[in-house]
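Here the structure is laid out as structure tokens; the discussion comes afterwards.
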Amino acid sequence: MIVVFDTNVWVSAMHFEKRQGPPFLSLKLARKRDVIATCYELQEEIHRILVEKFGWDRSAARARLNFLLAKSVQVSITGRLHVCRDPNDDMVLECAVAAGAQCIVSGDKDLLALDPYNGIRIVSPAEFLALESSQR
């Protein structure tokens, strides 16, 4: 399955990694079993939030993100998709469409309300873990 993770899930998974909550566990599972798709814009947003809001060192944030994305698929987006009130949500949707993703993992209520979007499931990290468990 091709999966796109929203910025909020990435940031929670990375910054609160030691707590090993649903964001971290869903990312860990996807890295093991699925193909994670991303785009430059999404990566830059994750990096910016880690540095500006959580005080991460720029190089440490970049290195950790690069490590987590080592086996990911990188797609290009145009920024022309305008479905949501938040342009960052549009970025996630466009990334998923461009990647041919089957699933978006997000904690954003605006995105979750769109489930499904063009046949792409939009689920919370906990729902993703349950979805994966039910498919075993």
Check your understanding: What residue, of ALA96, ALA130, ALA70, ALA101, is under 15 Å from the mean Cα position of the chain (by Cα), closer than 26 Å to GLN20 by Cα and assigned to a helix (DSSP H, G or I)?
Key -> ALA96
Exercise for review: Test LEU25 against the criterion of being buried (at least 18 other Cβ atoms within 10 Å of the Cβ), modelled with pLDDT under 95, aliphatic (A, V, I, L, M) and farther than 14 Å from MET1 by Cβ, and give yes or no.
Suggested key: no
Review point. Has the range 51-72 got any residue that is within 15 Å of PHE5 (Cβ to Cβ) and among the β-branched types (Val, Ile, Thr)?
Key: no
**Study point:** Flag if ALA63 is of a type in the set (Gly, Ala, Ser) and closer than 17 Å to SER124 by Cα
**Key:** no
Review point. Picking from ASP108, ASP115, ASP90, which residue would you name as being free of Cβ contacts under 8 Å to residues at least 12 places away in the same chain, surrounded by 18 or more Cβ atoms within 10 Å (Cβ to Cβ), acidic (Asp, Glu) and out of contact with any Pro (no Cβ under 6 Å at 6 or more places or on another chain)?
Key: ASP90
Practice item. Test VAL11 against the stated conditions and say whether it is within 14 Å of ILE120 (Cβ to Cβ) and outside any strand (DSSP E or B). Key: no
Study note, to complete from the structure: Within the range 14-41, residues part of a helix (DSSP H, G or I), out of contact with any strand residue (DSSP E or B) (no Cβ under 7 Å at 6 or more places or on another chain) and within 14 Å of PHE128 (Cα to Cα) come out as PRO22, PRO23, PHE24, LEU25, LYS28, LEU29, ARG31, LYS32, ARG33
Point to revise | Filter result for ILE77 (in contact with a strand residue (DSSP E or B) (Cβ under 6 Å, 6 or more places away or on another chain) and assigned to a strand (DSSP E or B)) | key: no
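The values are calculated or read from the model by the stated rules, or taken from the named source; none is laboratory data. Because the structure is a prediction, the values reported are computed rather than measured. Note: ideal-geometry Cβ built from the backbone for every residue, glycine included; neighbour counts use all protein chains shown.
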